[in-house]
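The values are calculated or read from the model by the stated rules, or taken from the named source; none is laboratory data. Since we're looking at a predicted model, the values are computed, not measured. Backbone-built Cβ (ideal geometry, glycine too); neighbour counts: all protein chains shown.
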Amino acid sequence: MPISKASATWEGNLATGRGSMKPEHAGDIGFSRSTRFEGAQGSNPEEVVGAALAGCFSMALSLGLEKAGMTPQSPGSSPWQDGLKLAAFAGLSLARPLLRPRLAKAAVH
């Protein structure tokens, strides 16, 4: 697995400063004290970490569904910022592998 890289900078004091997070293969993500602690519109470091974890979880969910014989269409997850809850949803094909031949035959008739 390749090594992923990212960086972050902060300029100014805590009250009025601004920060920037930069994943190696994505654009800059700005943040400030107010976006992190006061609910102002914008991103924050916890949101970026949550998105990374949700991405990993969604991939693992897809693999688990495949191993269970299902066909995932668009599994996803949505973390809450407190980090304690994780909502998962999965788009599944309703036709399990054993039912597909029957459904295909029924569609022809």
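Here are some notes:
- Counted residues, the range 13-35 - those being under 30 Å from residue 2 (Cβ atoms) and either part of a loop (DSSP other than H, G, I, E, B) or in contact with a helix residue (DSSP H, G or I) (Cβ under 7 Å, 6 or more places away or on another chain) (or both): 8
- Residue 50 vs. criteria out of contact with any Gly (no Cβ under 6 Å at 6 or more places or on another chain) and part of a helix (DSSP H, G or I): yes
- Filtered by the rule that a residue be under 30 Å from residue 31 (Cα atoms) and either surrounded by 14 or more Cβ atoms within 10 Å (Cβ to Cβ) or assigned by TED's automatic domain parsing to the domain that holds residue 29 (or both), the range 54-63 gives 54, 57, 58.
- Test: residue in the range 64-84 that is part of a loop (DSSP other than H, G, I, E, B), at pLDDT 80 or above and surrounded by 11 or more Cβ atoms within 10 Å (Cβ to Cβ): no
- Only one of the numbered conditions (1) out of contact with any Phe, Trp or Tyr (no Cβ under 8 Å at 6 or more places or on another chain); (2) at positive phi is not met by residue 31, and that is (2).
- Unmet requirement for residue 101, which otherwise passes all of (1) at pLDDT below 95; (2) touching a helix residue (DSSP H, G or I) at 6+ places or on another chain (Cβ under 8 Å); (3) exposed (fewer than 14 other Cβ atoms within 10 Å of the Cβ): (2)
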